[in-house]
Amino acid sequence: MNLENLPAPEPDGSSDGPWPSSARRVGGEIAIGGIGVSELAAEYGTPLYILDEDVLRARARAWKEAMDEAFARLRGADVYYAGKAFLCVAVAKAVAHEGLAVDACSEGELRTALAAGVPGSRIGMHGNNKSREEVELALRAEVGHFVVDSLAELEFVDSIARDEGAVASVMLRVTTGVHAGGHEYMSTAVEDQKFGLSIAGGAAWQAVEKTVNAPNLRLVGLHSHIGSQILAVAGFRAAAEAVLRLRAEAVRELGIEIPEVDFGGGYGVRYTVLDSIPPSPAEFASILAEAAAANVEETGVPAPRVSIEPGRSIVGPAGMTLYTVGTIKTVEAEDGPRRYVSVDGGMSDNPRPILYGADYTAALASRAPSEGVRTRIVGKHCESGDIVVRSVSLPADLAAGDILAVPATGAYGRSMASNYNHVPRPGVVAVRDGRARWIVRRETVADILALDAGYGK
């Protein structure tokens, strides 16, 4: 199917498409969470991230229920929400209320989870280059575990724990060699990259021995993460088998306990109708449980408690971005006329298209759509690659002031946003039951200038 010939897909209330499942056409315009986009744009401005809290909670619940059911006959399971996808106090509170723990990758994410009231024991601390301050804060917060990426980091955490008079619970992130992900930079289990301790190269085994013998470290588990935006189960099964084999070997040969295994995240979502429908949480959970059960039968080593770290698959389809149309022009491309529609945001509020070549879709949101023409939606920044949607069919009568909606932006939009060209980052509005509220306020130019040491001198 050719993307150039696709119409703009309409929100249909489904749970497996790019649009939030609450999105509907009401009187011609799109509504989300029971509120029309025109009302939201008028009150909160554009660009604007919108997050449907009911959708967020339902997707978090689906993962929790799927893992609980799949691992009920083994040793149980935990679901960590991957805060890197998008984290604020309101989101941390929502996922914690649904029974999820939180995975943090920085001091900022850790402090946000703590500010939301998430207990330290329900937080995992990631990061391949943690600072002394981050490790000290995590130890004092008594986080559930550190995910350690290298032998150097293992010694670093051990030394700080010794200084603090503490014992750090450690999960060793191992590299399985399984290649998966939607882009080269999203594949995180190949040998030649920054993350993890190689199973094949022996670093993982060395790390197990060092952790067991370190008086200020406690080996609580092994961790694996193979990539992001993965739309098939095979890679997860292969990686799970590799990690479980390593665990069983260490338990038998070293006479130790390794009570937990974390299979990471990377579960994909649909950004356009061309994307495959991803497996459900129940399908992913079932594959992981099958691998764990098979390992028990093969090795005789009792099953570990299992955890996973979905982020994008929870918050991505719960969000969308509103833009206001500005200038419009048509050019002659090699394959025919192409209309360029500029909006009031762009790569500063969604860098994924320019970073990964990511595709999104869009729809005219403020009124009923009509017959469409081939359109490229572009941002306002000084980069020719500042593309919001590469190609989509939008109404021929599109005009300045119309509102466009881009779905599936709940993950890695606000969290990766920048101030390029000194453009303030959009705020995030949560909608639920016909009501809306800021959960992250909009930045202003005054906020940017407040950080400028020369301002006012």
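Overview of values
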quantity: Subset of region 413-433 (residues that are surrounded by fewer than 17 Cβ atoms within 10 Å (Cβ to Cβ) and more than 30 Å from Tyr267 (Cα to Cα)); calculated: Asn421, His422
quantity: Index of the failed condition, Gly336 passing every other in (1) under 25 Å from the mean Cα position of the chain (by Cα); (2) at positive phi; (3) surrounded by fewer than 24 Cβ atoms within 10 Å (Cβ to Cβ); calculated: (1)
quantity: Count - residues of region 142-179 that are farther than 15 Å from Asp262 by Cα and assigned to a strand (DSSP E or B); calculated: 1
quantity: Within region 368-412, considering residues that are under 17 Å from Pro47 (Cα atoms) and of a type in the set (D, E, K, R), the one most open to solvent (accessible area, probe 1.4 Å); calculated: Lys380
quantity: Test for Asp397: is it acidic (Asp, Glu) and not in a loop (DSSP other than H, G, I, E, B); calculated: no
quantity: Filter result for the condition that a residue is in contact with a strand residue (DSSP E or B) (Cβ under 6 Å, 6 or more places away or on another chain) and modelled with pLDDT of 95 or more, over Val118, Val89; calculated: Val118
quantity: Residue check for Ala42: under 20 Å from Gly221 (Cα atoms), open to solvent by 20 Å² or more (accessible area, probe 1.4 Å) and not β-branched (Val, Ile, Thr); calculated: no
quantity: Count - residues of region 301-325 that are out of contact with any strand residue (DSSP E or B) (no Cβ under 8 Å at 6 or more places or on another chain) and either free of Cβ contacts under 8 Å to residues at least 12 places away in the same chain or open to solvent by less than 40 Å² (accessible area, probe 1.4 Å) (or both); calculated: 3
quantity: All strands (runs of 3 or more DSSP E) inside region 36-141 with 3 or more residues being under 22 Å from Arg432 (Cα atoms); calculated: 48-52
quantity: Hits in region 353-389 - residues which are in a helix (DSSP H, G or I) and closer than 17 Å to Leu274 by Cα; calculated: Pro353, Tyr356
quantity: Extreme residue, nearest to Pro20 (Cα to Cα), among residues of region 339-365 that are open to solvent by 10 Å² or more (accessible area, probe 1.4 Å) and over 26 Å from the mean Cα position of the chain (by Cα); calculated: Ser342
quantity: Hits in region 330-357 (condition: more than 21 Å from Asp402 (Cα to Cα), touching a residue at least 60 places away in the same chain (Cβ under 8 Å) and small (Gly, Ala, Ser)); calculated: Gly357
quantity: Considering residues of region 211-232 that are in a helix (DSSP H, G or I) and surrounded by fewer than 18 Cβ atoms within 10 Å (Cβ to Cβ) only, the residue farthest from the chain's Cα centre (by Cα); calculated: Asn213
quantity: Subset of region 400-433 (residues that are farther than 21 Å from Ala363 by Cβ and not hydrophobic (A, V, I, L, M, F, W, C)); calculated: Ser415, Ser418, Asn419, Tyr420, Asn421, His422, Pro424, Arg425, Gly427, Arg432, Asp433
quantity: Subset of region 420-444 [on the phi > 0 side of the Ramachandran plot and in a loop (DSSP other than H, G, I, E, B)]; calculated: Asp433, Gly434
quantity: Only one of Phe156, Phe146 that is farther than 22 Å from Val243 by Cα and touching a residue at least 24 places away in the same chain (Cβ under 8 Å); calculated: Phe156
quantity: Members of region 237-280 found to be open to solvent by less than 60 Å² (accessible area, probe 1.4 Å), assigned to a loop (DSSP other than H, G, I, E, B) and under 18 Å from Asn295 (Cα atoms), listed by number; calculated: Ile256, Ile258, Pro259, Phe263
quantity: Selection within region 29-64 - within 21 Å of Ser313 (Cα to Cα) and free of Cβ contacts under 8 Å to residues at least 60 places away in the same chain; calculated: Arg57, Ala58, Arg61, Lys64
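Per-residue answers, yes or no, for (1) at negative phi; (2) modelled with pLDDT of 95 or more:
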site	(1), (2)
Ala238	yes, no
Leu246	yes, yes
Ile258	yes, yes
Val273	yes, no
Glu283	yes, yes
Ala292	yes, yes
Asn295	yes, yes
Gly300	no, yes
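The values are calculated or read from the model by the stated rules, or taken from the named source; none is laboratory data. Bear in mind the structure is a predicted one, so any value in this text is a computation, not a measurement. All Cβ positions, glycine included, derive from the backbone under ideal geometry; neighbour counts span all protein chains shown. Protein only, heavy atoms only, side chains kept; ligands, DNA and RNA dropped before computing areas. Shrake-Rupley method; radii C 1.70, N 1.55, O 1.52, S 1.80 Å.
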